[in-house]
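The values are calculated or read from the model by the stated rules, or taken from the named source; none is laboratory data. Since the model is a prediction, treat every value here as computed from it, not as a measurement. No Cβ is skipped: glycine too gets one built from the backbone with ideal geometry, and neighbour counts run over all protein chains shown.
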Amino acid sequence: MNLRFICLVVTLLMAACAPASAPIAAPPAAAPAATAGPTAAARGGPPLEAIKLAYPATEAAQAPFFIAAEKGYFAEQGLDVELTLTGGGAATAGIISGDLQFSGSPATALNAALTGAPLQVVYTNSDRPPSELWSTSPDVRTLTDVLGKTVGVINRGDTTELAVRIALTQRGIDSEAVGYFAVGVGGQRLAAIQSGAVENVVLLLSDIAEVQELVPQAHRVLDLREDVQMLTGGVATNRRELAEQRERTRRFLRAVMRAREYFKAFRDETVQILGKYSGAPRAANEFSYDMTLSNMSGDASMSVEIQRRDAAVRAQVNGLAQYPPPEDLYDYSLVKELYRELQASGWQPTR
């Protein structure tokens, strides 16, 4: 076990134990209990196997987890899944230690795997960044116009920065030719744009309408969803889980894959289920649904080419000269098998 990995585990465990500077809110009191559906007694079958999944936010990207619980897909697979709202750092520490079986923050887990953590991404729900590059400068109209300039991102090394770096790399441009500046979220980012503190910024799709209203001179430079493919949502687990409990992982992923088909088939019902967990207005949940649907990967996996490029950019950001090959970072064998199974069986979700 190398020194970098040891330091990583200590850091993640400290992050998991320390109070967060901006704690993630728990689901609203009216939300249903986060369980896998009917109890074993109600089903009249053997006891369900208890496992834990951490998810990072109550947005549509995580809706297949909620659907699998609400529609009983987990229970059908003999699983009692405890869903916990947990940040990516704490979730990654949890799957390393074995306190959690699965994490819904695969990008954070991938960063850890690059430094030697025994983790793998096993399911990718979305592979397009939900963001666009905008500018208030009349001189910036294309991506190459930002060379030598600074781009505002939410946090250094996050998905907003990685998306710009990948877009540059795809054009054969050194991603270090652009400076990156953390401008925070929500009001912080809007204030930075309004004040002129940053001219070029990566905006989440949910920010665009407000920026257009508050900063009329702002304009789109590049739609990163159309230009970039990368890991943005899904599931990661420990290699030990895959080696020792592969059949359990198969059952878990089968339930999630079925829930994913339900998500794609039933917009209104999915938005309703999402609302139980998010507590957000219906319009916000509808927007989150539509954004996620457009970013969903085809069969819940990514090509080796995308895996390799994504890993290379993350390694560069983390200052890693060496890192594991894609086959050590991803294992899509189960979701590919399950996707073929779904297609061959003709299974269809029902309301």
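It is to be established whether one or more residues within region 193-200 are part of a strand (DSSP E or B) and at negative phi. Among the residues of region 193-200, at least one is part of a strand (DSSP E or B) and at negative phi, which makes the answer yes. The residue list TYR339, TYR277 contains one member that is surrounded by 13 or more Cβ atoms within 10 Å (Cβ to Cβ), assigned by TED's automatic domain parsing to the domain that holds ARG250, out of contact with any Asp or Glu (no Cβ under 6 Å at 6 or more places or on another chain) and not hydrophobic (A, V, I, L, M, F, W, C), which is TYR277. For region 94-112, check the following and say yes or no: at least one residue is farther than 24 Å from SER303 by Cβ, touching a Gly at 6+ places or on another chain (Cβ under 7 Å) and surrounded by fewer than 19 Cβ atoms within 10 Å (Cβ to Cβ). No.
Among the residues of region 280-306, those identified as buried (at least 19 other Cβ atoms within 10 Å of the Cβ) and touching a Pro at 6+ places or on another chain (Cβ under 8 Å) are MET291, THR292, ASN295.
Of the residues ASP310, ASP328, which is among the acidic types (Asp, Glu), crowded, with 17+ Cβ neighbours inside 10 Å and under 30 Å from ILE173 (Cβ atoms)? The unique qualifying residue is ASP310. So, in region 199-224, of the ones that are modelled with pLDDT of 90 or more and buried (at least 19 other Cβ atoms within 10 Å of the Cβ), which residue ends up farthest from ALA315 (Cα to Cα)? Among them, the one singled out is ALA218.
For GLU176, are the conditions met, namely being part of a helix (DSSP H, G or I), modelled with pLDDT of 90 or more and outside the structural domain of LEU162 (by TED's automatic domain parsing)?
Details: part of a helix (DSSP H, G or I): yes; modelled with pLDDT of 90 or more: yes; outside the structural domain of LEU162 (by TED's automatic domain parsing): no.
Considered against the rule, which asks whether it is part of a helix (DSSP H, G or I), modelled with pLDDT of 90 or more and outside the structural domain of LEU162 (by TED's automatic domain parsing), GLU176 comes out as no.
Evaluating THR92 against the criteria (1) touching a residue at least 60 places away in the same chain (Cβ under 8 Å); (2) over 28 Å from VAL317 (Cβ atoms) leaves one unmet condition, (2). For region 184-196, the set of residues classified as surrounded by fewer than 21 Cβ atoms within 10 Å (Cβ to Cβ) and either under 20 Å from LEU110 (Cα atoms) or touching a helix residue (DSSP H, G or I) at 6+ places or on another chain (Cβ under 7 Å) (or both) consists of LEU190, GLN194, listed by residue number. The residue of region 313-351 that is farthest from PRO64 (Cα to Cα), among those that are outside any loop (DSSP other than H, G, I, E, B) and β-branched (Val, Ile, Thr), is VAL317.
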